[in-house]
Structures are given as C-alpha cells and as structure tokens.
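The values are calculated or read from the model by the stated rules, or taken from the named source; none is laboratory data. Given the structure is predicted, the values throughout are model-derived calculations rather than measurements. Every residue, glycine among them, receives a Cβ derived from its backbone with ideal geometry; neighbour counts consider all protein chains shown.
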Amino acid sequence: MSMNAVIAGVVILVVAGDMAGLYWFARRFGAFAPVRPETTAIEPMWIAYNTHSGPYQLIGPVCDAVCTAVGETCGITPELGFGLYFDSPRKVAKDQLRSLGGCVIPADKAEGLKNMSLPFRTAALPGGRAVVVRFPFRGRMSIVVGAMRVYPAMNRHFAEAGVPEGPFMEIYDMGAGEIRYIRPLDIPNEALERLL
C-alpha cells in the first residue's frame, strides 16, 4: 500500500470521526428535535424572581442566584428554573431588553414567604391557555440551540394563527430533561409587565 493511500485513509477516518462527533453533539443538544407548537392549558404557578435588563443570554446568573436564595430561605431545592422575556430582540436594543429570571416554587412554600424580607420577589401566575413547545434540555447548549430553532417556529405559528406578540417564558425542567417554551394567551401582557 502506498503512502498516499495510507494518508488518504487516515484523512477519511479523521473527517468521518469529526462528522460523527458533530452529528452526535448536534443531536444531543436538540438540533434535530421536532418543534411542535401546541395550544394547551398550563397550571397556575408561584415564581421567585429578580429582574434583568440587558442581553437575554446574560440572565443565567440572575436565575442561579434566585434559585440559591430560594434553597437557603425555603429549605427546598428548586426543580424548575425559568426566564420570562418581554421584548423582541429584533425590535429592542440588547441593552434595553427586559426579563425576569428565577425559579418556580411550590404554592405551600410561597404562602409562607409573604411577610418575609427576601433577596427576591414572588408572584402568583394564573394558569390558562398557552402555546407551548417542549424541547430537550441537556445543559446550557440546549438553551442556545432551542432559541435558534423554537422562536422562529413559534413566530411563524403566531403569524399564521393571528396571535399578537407578547412575553415568552422558558421553563427549564432538569428532572424531565426539557425546556418548555410558553407564550401565555390568557394572561394579559400588561399583567406580566407589572412584575418588572
């Protein structure tokens, strides 16, 4: 066997290995996951949160700090983190984007927090109809891939269905291994904006 054939074989193996690795990486973080918006009912929930102004991709530390404080204050480990995003990054400057970040807390724990001085805010969100997309959650890279895939699909769905623009919520469910992208339909935008 000639040296050129050996080199060509090694190059093919390396390229094939790289392509297989990229495919596995993309598949793991949701690049090929189906994106199916569906209108469904969501349950009421209590949230613990703080506000954030600026690029949405920088909200992670806000969520983490609230979840840590909830654990220390309530004695529970939050299972659901969330971000609530009010503005379209296509229409609002990055440094002016408004959002909330934190975690979902059990109602019985939230009731006990009402008269306490806390390093976060709490609010009750009513349930109702919402457009929901479920997407695999395998770490922070899933959040990036999900944003690139889910928001364009949801925006097309809204344009076709005549749904007005409004806040989006992302719930990060580590136990179920999924991100739920939620556009509430029965909660007026103004009611959500009062949380800011």
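One residue stands out in segment 34-75 among those that are over 28 Å from D95 (Cα atoms) and of a type in the set (D, E, K, R): the one that is farthest from the chain's Cα centre (by Cα), namely E72. Of G30, G83, all but one fail to be within 22 Å of R138 (Cα to Cα), at pLDDT 95 or above and crowded, with 17+ Cβ neighbours inside 10 Å; the exception is G83. Looking across A48, A93, one residue alone is modelled with pLDDT of 95 or more, under 25 Å from E165 (Cα atoms) and in contact with a Ser or Thr (Cβ under 6 Å, 6 or more places away or on another chain). It is A48. Screening the candidates R134, R98, R121, R129 for the property of being in contact (Cβ under 8 Å) with a residue 24 or more places away in the chain and either of a type in the set (D, E) or over 25 Å from E190 (Cα atoms) (or both) yields one hit, R134. Assessment of segment 175-192 against the conditions (aromatic (F, W, Y) and out of contact with any helix residue (DSSP H, G or I) (no Cβ under 7 Å at 6 or more places or on another chain)) yields no matching residue.
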